[in-house]
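> Sending over a structure as structure tokens; questions will come in a sec.
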Amino acid sequence: MASYTASENNNVNLPPNSSNLIKKIKANGFSDEEIQKIFTDSRITLYPDILEKRGHGINYMSKKFGLLTRASVKRGQMVIIKNKVVFEEIEHKYGVEKEAVVAIYRLETNLGSYEGKYLVFNGLLTLTVFENRRSAWAEKELLNLLIFCKNNNKDPLSIKGSWAGAFGLCQFIPSSVLKYAVDGNGDGEIDINNFSDAMSSIANYLKSNGWKNNSLKKKKQAIWSYNHCDNYVKAVLAYANACKKFNR
């Protein structure tokens, strides 16, 4: 992995095509001092290997993924049982079935057991400064990450997630965090690594994208908004239905 640091004149040693990025960060309310502090951080590292990644869809229904095994479904059911009050509040507030929320939790991070190993800032920076088909999208998400962190007093270089910029128990990209993440436990802070916040954020996302408990079409539409993959939609519904057999 390639890394870079500040040069002797205190300017950030970024590739030549990054000047517009710095201008856009300034335009979003960041001072020169704040930008300097971020981009001279020793934790900044580029991940050139991710430029070749294509994000091929996962076969969630495969034997290897093990989604509908007895053990997998039981784990999801236990999450619901152990967090009964949280899910009752979520169903009442958002009108989204708890089993669907847990199904997304299962598919995204295997019920919290894996949230990703990359520093999200570094991944998005890599995709931004090296021209590729995701550059414009990554630049927007990098700006959104910085805005979220500034608004919530978080260190942008402390957040780990996927190479493509998703993080937290619900694996939101930064724009989704800004738009859909909520303070589920009422502590005044939005933290999608917190269980209550993350589950509430999933429910808010689904509700905001048309979820209706009495409409299979609306359910599919909302889930597809979360992940534009028909296989993902089928898997969420299948796991949710499997969990319902025990929890209802």
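The values are calculated or read from the model by the stated rules, or taken from the named source; none is laboratory data. Small disclaimer: the values here were computed from a predicted structure and weren't measured. All Cβ positions, even for glycine, are placed from backbone atoms using ideal geometry, and neighbour counts span all protein chains on display. To get the accessible areas, we keep the full protein, side chains included, count just its heavy atoms, and leave off ligands, DNA and RNA. Shrake-Rupley method; radii C 1.70, N 1.55, O 1.52, S 1.80 Å.
> What is the one condition in (1) surrounded by 14 or more Cβ atoms within 10 Å (Cβ to Cβ); (2) closer than 19 Å to D230 by Cβ that Y47 does not satisfy?
It fails just one condition, (2).
> Give just the number: which of (1) among the acidic types (D, E); (2) touching a Phe, Trp or Tyr at 6+ places or on another chain (Cβ under 9 Å); (3) open to solvent by 20 Å² or more (accessible area, probe 1.4 Å) does E91 not satisfy?
Among (1) among the acidic types (D, E); (2) touching a Phe, Trp or Tyr at 6+ places or on another chain (Cβ under 9 Å); (3) open to solvent by 20 Å² or more (accessible area, probe 1.4 Å), the lone unmet condition for E91 is (2).
> Would you confirm whether any residue within the range 23-35 is over 23 Å from A198 (Cβ atoms), modelled with pLDDT under 90 and part of a loop (DSSP other than H, G, I, E, B)?
Here is the first cut: in the range 23-35, the ones over 23 Å from A198 (Cβ atoms) are 23-35.
Adding the requirement that they be modelled with pLDDT under 90 leaves none.
No, the range 23-35 contains no residue that is over 23 Å from A198 (Cβ atoms), modelled with pLDDT under 90 and part of a loop (DSSP other than H, G, I, E, B).
> Follow-up question, since we're still on this one. Do you know which of the residues in the range 213-247 that are of a type in the set (K, R) and in contact (Cβ under 8 Å) with a residue 40 or more places away in the chain is least open to solvent (accessible area, probe 1.4 Å)?
Checking each candidate, the answer is K219.
> If you take just the helices (runs of 4 or more DSSP H) that sit entirely in the range 62-154, which of them hold at least 1 residues that are more than 26 Å from V233 (Cα to Cα)?
Of the helices (runs of 4 or more DSSP H) lying wholly inside the range 62-154, those with at least 1 residues that are more than 26 Å from V233 (Cα to Cα) span 84-94, 120-129, 135-151.
> When the residues of the range 136-175 are filtered to those that are closer than 18 Å to N28 by Cβ and among the polar types (S, T, N, Q), which remaining residue is surrounded by the most Cβ atoms within 10 Å (Cβ to Cβ)?
Among those residues, the one meeting the criterion is N144.
> Please specify each residue of the range 50-76 satisfying the condition of being open to solvent by 90 Å² or more (accessible area, probe 1.4 Å) and within 25 Å of Y118 (Cβ to Cβ).
Listed by number, the residues that qualify are E52, R54, H56, K64.
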